[in-house]
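The structure appears below as structure tokens.
Where a number appears in this text, it was derived from the coordinates with a stated rule and is not lab data. From a predicted model like this one, the values you see are computed outputs, not experimental measurements.
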Amino acid sequence: MLLRCTWAHPLCRRHLWLGFLLLFILLGSVRFLSDSHGQTTSYDQVIADGKGLLKSGKPQEAAAKAKAAVDLTPERYEAYELAAMVGIARKDDESARAFLQMAVQRAPDQKRYELYDLIRSIDPEGANRLYQRHVEAGRQARQEKSFAKAGKEYYEAWKIKPSEVGIGFEAASAYVAGEDYPWTVTILRELSNS
């Protein structure tokens, strides 16, 4: 006996709708993946183009690339770093400082520490204020017995002003108090290498 699938049969309708749903999901996910990959590639290319323009002595065009990159992906730091470099090239320390602060807020740890070098070079007073803010936050956290937060704040302060080795030891001490020995060892190694 041969079974025919008809529109009137509920099982056939369910299979048909399920098939359409799966096809829709599959096509949508393929489009999403290609769009997001294209956007990342585009962002990276815009940043590379902007850096090339800046090296070629064309800060105006590099600024346009930085703006385009911010418009594409505002949560990444590279566009703000590029804009800060444009400010430095134009001898506009005020905009360079502002863009560096935005870059620091978005940058991963290691890159943020590199950006601190740039901040110290163009804005020593701003670097000092940022340092003091982290030291004070570390002291406050230590008083509240939030040792991990205190360690993190002291560590950030030390990365802003590496010459202040005592703050590096404060970070290690806070991590010891919080019994976070891996971070303690990491900081002590960095201190011995500085």
Kindly write out, for region 57-73 in residue order, the coupling ³J(HN,Hα) from the Karplus curve 6.51 cos²θ - 1.76 cosθ + 1.60 (θ = phi - 60°), rounded to whole Hz, with x marking Gly and Pro. x, 10, x, 4, 5, 5, 4, 5, 5, 4, 4, 4, 5, 4, 5, 6, 9
What does the extension gain come out to for ASN128 and ALA48, with contour length at 0.36 nm per residue minus their alpha carbon separation? 25.7 nm
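In region 119-158, how does Rg compare with the Kirkwood Rh, expressed as the Rg/Rh ratio over alpha carbon atoms? Can you show the working numbers first?
On the way: Rg = 11.0 Å, Rh = 10.1 Å.
Over the Cα atoms of region 119-158, Rg/Rh equals 1.09.
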Check the straight Cα-Cα distances from LYS65 and name the lysines below 25 Å, setting aside those fewer than 8 residues away within the same chain. LYS51, LYS55, LYS91, LYS111
Considering the Cα positions of region 97-141, please state its Rg to one decimal place and its Dmax as a whole number of Å. 10.7, 30
Whole-angstrom gap from region 171-191 to region 115-154, using each part's C-alpha centre: 16 Å
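With a/c under 1.5 counting as rounded, go ahead and sort region 114-189 into rounded, prolate or oblate using the C-alpha gyration tensor (a ≥ b ≥ c being the square roots of the eigenvalues; past the cut-off, prolate if a/b is larger than b/c, else oblate).
oblate
Taking 0.36 nm per residue of sequence separation and subtracting the Cα-Cα distance, how much length would be gained by fully extending the chain between VAL165 and GLN105, in nm to one decimal?
Working: separation 60, 0.36 × 60 = 21.60 nm, distance 2.38 nm.
That works out to 19.2 nm of additional length.
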